[in-house]
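Accompanying notes for the structure given below.
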Amino acid sequence: MYNKVGLIFDGPNTETNNIEAIYADQQKKDTMEQIFRILSKKHNTVKIQVDEKISENLVKSDVDIVFNLSTGVRGESRQSQIPALLEMLGIPYVGSGILAHSLALNKAMAKKIFQYHGVPTPAFQVFQTGEEKLDSNLKFPLIAKPACEGSGFGIHVDSVVYDEQGLMKKVSELLRQYEPPVLVEEFIEGREFTVGVIGNGESKRILPIMEIDFEDIPEEHGKFYTFEVKNNFGDQTKYHCPASISMALEKSIMENVSKAFDVLGCKDIARVDVLVKNERPYILEINSLPGLKHLHSDLPKMAVVAGLSYKELIMEILEVAVERQIDSVAKFKAKIINF
């Protein structure tokens with residue numbers, strides 16, 4: 001049914017002086033080439049770059065399904081741009097849909113949904129202009145970050161602040177550099193974990209929990225996942241997978257990760273970041289388009305511990321997407337027949 005696969009990827013960022021964009025470009029390029037080599041061994045696979053001719057090129061490509069790696073072009077809902085186009089053209093694709101990507105990218109909206117559904121998450125406030133009054137219920141230290149960025153963009157050692165003056169200065173700085181809003185949340189000083197999810201519904205696979213240990217990171221760079229730590233201190237960052245935790249904590253983390261994935265409506269693949277303090281997990285955010293770079297990104301590292309080679313990981317992601325969409329078509333046809 002799905003013989004020809006389209007691999008959609010982003011072109012280079014035009015902000016060539018932005019170190020964050022340069023790092024992201026290289027990682028995206030490497031990931032695309034790695035996945036292309038794997039898919040090409042089993043399927044007729046074509047590369048499709050996101051540009052002004054993306055719609056025309058998609059129609060011409062005549063692909064059966066798309067493996068989408070694009071984070072979009074611009075705007076607060078950019079990760080939904082390619083899924084929206086694919087749905088308009090009627091082309092099946094790997095990964096979450098329009099709404100889930102929009103919600104996951106906007107950390108503030110995701111946290112509101114978590115709160116509504118009883119998924120534990122750090123207390124927070126959203127700043128649109130920098131003129132808002134600080135919620136007196138929030139407890140310092142606080143961390144300020146762009147609400148609609150990924151890959152550690154905008155998160156540096158000075159993102160953690162200890163008084164209101166420092167906070168408002170940081171919020172104003174972020175509002176100048178990134179699209180609003182800015183998310184401010186209580187900084188949970190505890191253990192940091194990340195959890196990969198593959199699949200859908202009750203059959204989804206929760207990968208072995210990974211703890212991220214910042215013990216050997218120089219103090220001046222921050223002992224949490226800053227942009228610098230992610231990109232410059234991979235060798236000093238320790239990754240413990242499976243994490244050394246109690247069975248009770250493991251169960252609690254997995255249950256909350258699964259619930260967070262479901263309430264946002266994610267599909268096929270995601271990575272969920274979790275903080276733990278006093279044996280209580282807090283869902284920090286969901287990456288609905290997680291990094292898949294071999295030997296570098298967290299999710300492939302967790303997959304290895306689960307017994308999946310990189311090739312097996314990529315093929316399983318494609319297969320669960322195919323299975324989900326075959327199942328959806330079957331259910332849709334059944335409804336028509338029974339109508």
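The values are calculated or read from the model by the stated rules, or taken from the named source; none is laboratory data. Nothing here was measured: the structure is a model prediction, and the numbers come from that model. Here the Cβ positions follow ideal geometry from the backbone for every residue, glycine too, while neighbour counts run over all protein chains shown. Areas reflect the complete protein model, heavy atoms only, side chains present, ligands, DNA and RNA absent. Shrake-Rupley method; radii C 1.70, N 1.55, O 1.52, S 1.80 Å.
Surface composition of region 4-94: carbon plus sulfur atoms hold 49% of the accessible area, using a 1.4 angstrom probe and ignoring ligands, DNA and RNA.
So for region 189-315, what percent of the C-alpha to C-alpha distances run longer than 19 Å?
Tail of the P(r) past 19 Å holds 47 percent of the pairs.
Relative to the compact-globule estimate of 2.2 N^0.38 Å, the Cα radius of gyration of region 86-240 comes out at 1.15. Summarised in one figure, the compactness ratio Rg/Rh of region 123-186, Cα atoms and Kirkwood Rh, is 0.91. Think of each Lys and Arg Cβ as +1 and each Asp and Glu Cβ as -1; about the Cα centre, that makes the dipole of region 4-94 roughly 400 debye. Estimated from the Cβ-Cβ distance and a Förster radius of 35 angstrom, the FRET efficiency linking Leu134 and Ile113 is about 0.90. Compute the long axis of helix 164-177 from its Cα atoms, compare it with the longest principal axis of the Cα atoms of the chain, and write down the angle in degrees, 0 to 90, nearest 10. Approximately 30 degrees, to the nearest 10.
Here region 278-322 is described by how far its Cα atoms reach on the three principal axes: 37, 22, 16 Å, from widest to narrowest. For the chain, the alpha-carbon coordinates run over 59, 47, 46 Å along the three principal axes, in decreasing order. Solvent-accessible surface of the chain, averaged per residue with a 1.4 angstrom probe and all protein chains in place: 49 square angstrom.
Would you please name the GluC sites (Glu not before Pro) within region 87-184 that are DSSP coil residues with at most 16 other C-beta atoms within 10 Å of their C-beta? Here the GluC sites (Glu not before Pro) that fit, given the DSSP loop and packing criteria, are Glu131, Glu132. I need the shape label for region 4-94. Rule: rounded when a/c is under 1.5, else prolate if a/b > b/c, else oblate, with a, b, c from the alpha carbon gyration tensor. In terms of gyration-tensor shape, oblate.
When the C-alpha to C-alpha distance is required to be over 19 Å, the pairs from Lys145/Lys267; Lys41/Lys311; Lys42/Lys311; Lys47/Lys230; Lys41/Lys301; Lys4/Lys293 that qualify are Lys145/Lys267; Lys47/Lys230; Lys41/Lys301; Lys4/Lys293.
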